[in-house]
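To keep things clear, I will list the structure first and then write my remarks on it.
The values are calculated or read from the model by the stated rules, or taken from the named source; none is laboratory data. Being a predicted model, the structure only gives us computed values, none of them experimental. Backbone-built Cβ (ideal geometry, glycine too); neighbour counts: all protein chains shown.
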Amino acid sequence: MSSRRWLPWRRRPAASPPGDLACRELVELVTAYLEDELDAGDRARFEAHVTACEHCSAYLEQMRVTLRVVGHLDPDELQPEVERELLDAFRAWKAGG
């Protein structure tokens, strides 16, 4: 058995969603999408993918729920060790680990 944790957004659907947006790229664009910072073309690609990909649709909804529950974190109030842990986790995720 693999020691890697299973994460729903790492699984690819059997059929590729329409358009040229990969699941991993969508995950990287979620913040910009939720903050309405994508241009019209990228927004259309994002929404087409979410409509066709149940895993990315679920991920987007999880992010919306997280933002509603957590709200806003002020970086100045974040403890240094927590900030390091978060940055390490994001770096590991980005590196594919």
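Odds and ends about this structure:
So that you can scan it fast, the table gives a plain yes or no per residue for (1) modelled with pLDDT of 90 or more; (2) out of contact with any strand residue (DSSP E or B) (no Cβ under 6 Å at 6 or more places or on another chain); (3) not in a loop (DSSP other than H, G, I, E, B):
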{"residue": "SER3", "(1), (2), (3)": "no, yes, no"}
{"residue": "ALA15", "(1), (2), (3)": "no, yes, no"}
{"residue": "LEU38", "(1), (2), (3)": "yes, yes, no"}
{"residue": "PHE46", "(1), (2), (3)": "yes, yes, yes"}
{"residue": "THR66", "(1), (2), (3)": "no, yes, yes"}
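- Residue list for region 52-68, filter: closer than 15 Å to GLU25 by Cα and free of Cβ contacts under 8 Å to residues at least 12 places away in the same chain: SER57
- Looking only at region 24-43, and only at residues there that are closer than 17 Å to GLN62 by Cα and either under 8 Å from the mean Cα position of the chain (by Cα) or of a type in the set (Gly, Ala, Ser) (or both), the one that is surrounded by the most Cβ atoms within 10 Å (Cβ to Cβ): LEU26
- When residues in region 45-97 are screened for being among the charged types (D, E, K, R) and in contact with a helix residue (DSSP H, G or I) (Cβ under 8 Å, 6 or more places away or on another chain), 2 of them pass.
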